[in-house]
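Notes for the one structure printed next.
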Amino acid sequence: MITQALPKSPPDIWQLIRHGEYDGVTGSLAPGYVQANLVVLPKAQAFDFLLFCQRNPRPCPLIEVMDPGQFEPKLTSAGSDIRTDVPRYRIFRHGELVDEVTDIQSLWNDDLVSFLLGCSFTFESALVEAGIPLWHWETGKNVTMFKTNISTVPAGGFSGPMVVSMRPIHHTKIVRAVQVTSRFPGAHGAPIHVGDPQDIGIADIHQPDYGDASEFKEGQQPVFWACGVTPQAVALESKPPFMITHAPGYMYITNMRDTDLAAL
């Protein structure tokens, strides 16, 4: 595992990941570049999932849909390989999480369709530039994520709960955080909830379903954004025969700039 300072260029980071020299979380990597959630499905389920994304744009904003068997995201990241350039992948079979791996070449076939979905890591550089500190950047931890009682809109065989990411924000900076992130609808946009986590079905703010538990400083409140881990919660409920995703917090880093997704 590489220990020196990591490069900031996506192609350089792809090389490290591809050769097994980095398999950590990506939250603070490549600031200013778009990060993406990954979902890979057989062609037979791909249309239903495309429809699911169109009906649920907050948790599943589409960035790129690749042709069956294609493993190079040519529109967003020419030269990359979706089978090797994600730090960690999750493998689901019939609604069961069966494995977590660092390479999916052995699972690849010409029937698989890859979806890249927007990720809130994309707008984090803008939050930091606006003077809003992020706990998981400062500590090198993973962002905090929860399943909620908010139902997604079903499509075909896909349905289930929305997942959210949570960041502690000082109460004096919450309005600014809303303003900053609302400029990034392709990366989940503005928060979907601020304040009491029980209002969206979260019983214990210190027990996340994914990622690391955040520490709160005086004056901070929990702020929740829609999250691209939603398809993983949907997989557990809908039980597709086969699905590959990224591991939560271990994103695919594209070669797009965050400004490419920002509204004017």
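Every number here is computed from the coordinates shown, using simple stated rules; none is lab data. Since this is a predicted model, take the numbers as computed values, not measurements. So basically every Cβ, Gly included, is an ideal-geometry build from the backbone, and we count neighbours across all protein chains shown.
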Extension length gain for L51 and R257 (0.36 nm per residue less Cα distance), in nm, is 71.5 nm
Mind sorting L261, L6 by how few other Cβ atoms lie within 10 Å of their own Cβ, fewest first?
-> L6, L261
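For the range 121-226, take the convex hull of the Cα atoms, compute a quarter of its surface area, and give me that in nm², please.
That works out to 6.9 nm², a quarter of the Cα hull's surface.
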Helix-only CD estimate at 222 nm, as mean residue ellipticity for the chain, using -39500 (n - 2.57) per DSSP H run (n ≥ 4) = -5000 deg cm²/dmol
Given a Förster radius of 35 Å and the C-beta distance between V101 and L62 as r, what FRET efficiency does 1/(1 + (r/R0)^6) yield to the nearest 0.05?
-> 0.90
Cross-link reach list, lysines versus K217, counting only Cα pairs under 26 Å and skipping chain neighbours closer than eight places | K141, K147, K173
If each residue's Cβ is checked for other Cβ atoms within 10 Å, how do S77, S151 rank with the fewest at the top?
-> S151, S77
How much length is gained on full extension from E129 to S28, taking 0.36 nm per residue of separation minus their Cα-Cα distance?
-> 35.1 nm
How compact and how long is the chain, expressed as Rg and Dmax of its alpha-carbon atoms in Å?
-> 17.2, 52
So for the pair H94, R176, with labels modelled 7 Å out along Cα→Cβ, what separation do we get in nm?
-> 5.3
